[in-house]
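One structure is given below, encoded as structure tokens.
Coordinate-derived values only; no laboratory data. Note that the coordinates shown come from a computational prediction; the quantities given were computed from them, not determined experimentally. Cβ atoms come from the backbone with ideal geometry, glycine included; neighbour counts cover every protein chain shown.
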Amino acid sequence: CGVFGIYQHSQSAALTYYGLVALQHRGQEAAGIASTDGDKMYSHKGLGLLSDVFKQGQLENLLGHAAIGHVRYSTAGANTPQNAQPITLTTHARNFAIAHNGNLVNAKWLRIRLEEEGSLFQTTTDTEVIAHLIAKANAPDLAGAVAAAAKQIQGGFSVVILANDELIAVRDPLGLRPMVLGQLDDGYVVASESCALETIGATLMRDVEPGELIRMGPNGLTSQRFAERRQRSMCTFEHVYFARPDSDVDGWNVHTVRKRLGKILAQRHPADGDIVIGVPDSSISAAAGYSEESQLPNEMGLIKNKYIARTFIQPSQELRDIGVQLKLNAVRSIVDGKRVVLIDDSIVRGTTSRRIVRLLRSAGAREVHVRISSPPYVSSCHYGIDTATTDQLIASTHNEDEICKLIEADSLAFLTVAELMEAFGYAEGEKVPFCNACFTRSYPTELIDQELKNTVH
Ligand code: 5GP
Ligand code: SF4
Ligand code: MG
């Protein structure tokens, strides 16, 4: 998902909309914005892309000087209108809207406790668990309540909370999910990625620190910690696949990291090829790095149709096959008779790779050597990246040779975890500030709800 928040601007809802457009790649299933004029809260949300949810005139109804927004990619809870965010909660004590990127590892556990104590849930999201914890917290003010809630939840979370007189942002203590802070005129902006700041003309100040709570209000900005400083565990998959290449995530520019990953691939896992082709869009940077290092020409052998959203691909096999052709086309005059080095960022289920290999062969490619700019994805993410359950991950049940056969490639290679870390400047064996759990099966938190599943159900 993507989150955005702005405090103190006369066009806060419109700027939130533009910020969310820059974050649309982080979620296409639902979108929403909540705003405040200091007296009343306004909100609008629904299923689909921003352009589906916000029609002519709807932004103008979202009045006020502060706003938050969300684009949703369902990792926890079904894709229903009720599960769209921001969620608004009103109790006798508090009135606020909340939006969340990430996935909690103890949401089910907490929800059982909260329901036993009388909380009534409207949605199946773990965001609502955070909302109820905030609503129930015994604290003098909203920031205190948010800090109390943030101490109880575990997992990945970047959260924005809007009340009539302030905007609060928190980031999980491990830094699993990204969030940046910026400045626009006399106001402040927070967002999942820095590309959203640039889009609205705001200046990037810094990353929100893991374990930090930022409060923006009439008296400016204040910062406090809700958790002690500890070894960070930032998501490497943001760099590999999820984030936009023009974003700086935790101080690293995503395009530059991907390019380095491509260079390392070319150094350590070379292939005898005539041309390099990156799968658009997420593998273009890695292909540029591979090409630069190998001195093989980087060609636009695959063209992606820009107008097809992921949600467009319908779930029947026949339509899905057409869907791939609609989305990607191989250019015969470029690939015909060539030995292609195909660069992709990751293999999750393995179906995309096989389709693309077939597409290239049917356009005349003589050989297809697949090079992946990340390690085998062997274990499901529990922190907010939706990559299917572990049993659906091809690398959890097959080795490299088997995957190579299944995707019908002439050869296949992945990066190792050490090579992935090398792209960030870390030597083998060095302690790293990254989560690599989907590649290593070594999770940086307890998986409380998983244990619950194994014992309760
Ligand atoms: P698969 O192996 O599942 O067929 O697809 C892998 C491709 O999907 C890669 O090219 C990668 O760009 C993209 N991908 C990687 N991670 C994700 C994810 O979490 N969700 C979706 N929808 N696509 C992903
Ligand atoms: Fe990112 Fe993988 Fe860790 Fe999930 S498990 S937070 S995708 S590195
Ligand atoms: Mg891809």
**OP:** For the stretch 254-440, give the share of DSSP beta bridges that are antiparallel, in percent and rounded to the nearest 5; count only bridges with both residues there.
**Re:** 15
Original post:
Does anyone have the angle between helix 351-362 and the longest principal axis of the chain? Alpha-carbon axes, 0 to 90°, nearest 10?
Top reply: 40
Original post:
Using Cα pairs under 8 angstrom and six or more residues apart, how large is the relative contact order of the stretch 377-441, in percent?
Top reply: 37
Original post:
Hey, could you pull the Cα Rg and Dmax for the stretch 342-410, both in Å?
Top reply: 12.5, 41
Original post:
What number, in percent, do you get for the relative contact order of the chain if the mean sequence gap of Cα pairs under 8 Å and at least 6 apart is divided by its residue count?
Top reply: 13
Original post:
Between PHE4 and residues 5 or more places away or on another chain, which pairs have amide H atoms under 5 Å apart, with H built 1.01 Å from N, and which residues are they?
Top reply: GLY69
Subject >> Magnitude of the charge dipole, the chain, Cβ model with Lys/Arg +1 and Asp/Glu -1, debye to 20 >> reply: 560
Subject >> Charge dipole of the chain about the Cα centre (unit charges at C-beta), most positive-ward option of VAL340, ILE68, PRO140 >> reply: VAL340
**OP:** For the stretch 254-440, just say rounded, prolate or oblate: build the C-alpha gyration tensor, square-root its eigenvalues into a ≥ b ≥ c, call rounded for a/c under 1.5, and beyond that prolate if a/b exceeds b/c, oblate if not.
**Re:** oblate
**OP:** Enumerate the amide H contacts of TYR188 below 5 Å, restricted to partners 5 or more residues apart or on another chain; note that Pro and chain-start residues carry no placed amide H.
**Re:** TYR7
Subject >> Beta bridges per DSSP with both ends in the chain, % antiparallel, nearest 5 >> reply: 80
Subject >> Principal-axis tilt of helix 142-152 within the chain, Cα atoms, nearest 10 degrees >> reply: 50
Original post:
Could you give the radius of gyration (one decimal) and Dmax (whole number) of the Cα atoms in the chain, in Å?
Top reply: 22.4, 71
Original post:
Which value results for Rg/Rh of the stretch 81-236 when Rg is the Cα radius of gyration and Rh the Kirkwood radius based on the inverse mean 1/r?
Top reply: 0.95
Original post:
Which value, in debye to the nearest 20, describes the size of the charge dipole of the stretch 394-433 about its Cα centre when Lys and Arg Cβ atoms bear +1, Asp and Glu Cβ atoms bear -1, and nothing else is charged?
Top reply: 180
Original post:
Relative contact order of the stretch 2-230: what whole-number percent is it, with Cα pairs under 8 angstrom and at least 6 residues apart?
Top reply: 21
Subject >> Percent of C-alpha pairs per 5 Å bin, the stretch 159-284, short to long >> reply: 2, 10, 17, 19, 16, 12, 8, 6, 4, 3, 2, 0, 0
**OP:** Would you mind checking the tilt of helix 254-268 against the longest principal axis of the Cα atoms of the chain, expressed as 0 to 90 degrees and rounded to 10?
**Re:** 30
Subject >> Given charges at Cβ of Lys, Arg, Asp, Glu: the stretch 78-196 dipole, positive-most of PHE96, ALA169, ILE112 >> reply: ILE112
Original post:
Using the Cβ atoms and a cut-off under 12 Å, what net charge is assigned to the surroundings of PHE4, where Lys and Arg are +1 and Asp and Glu are -1?
Top reply: 0
**OP:** For the stretch 180-187, just list the computed ³J(HN,Hα) in residue order, Karplus coefficients 6.51, -1.76 and 1.60, θ = phi - 60°, integers in Hz, with x standing in for Gly and Pro.
**Re:** 10, 10, x, 10, 9, 6, 8, x
Subject >> In order through the stretch 206-221: 3J(HN,Hα) via Karplus (6.51 cos²θ - 1.76 cosθ + 1.60), integer Hz, x for Gly, Pro >> reply: 5, 6, 5, 6, x, x, 9, 10, 10, 10, 10, x, x, 9, x, 10
**OP:** Quick one: order SER362, SER411 by neighbouring beta-carbon count within 10 Å, fewest to most.
**Re:** SER362, SER411
Original post:
Can you list the residues, at least 5 places off or on another chain, whose amide H is less than 5 Å from the amide H of MET234, using H built in the peptide plane?
Top reply: PHE434, CYS435
Original post:
If you add up the charges near ALA418, with Lys and Arg at +1 and Asp and Glu at -1, over every other residue whose beta carbon is less than 14 angstrom from its beta carbon, what do you get?
Top reply: -1
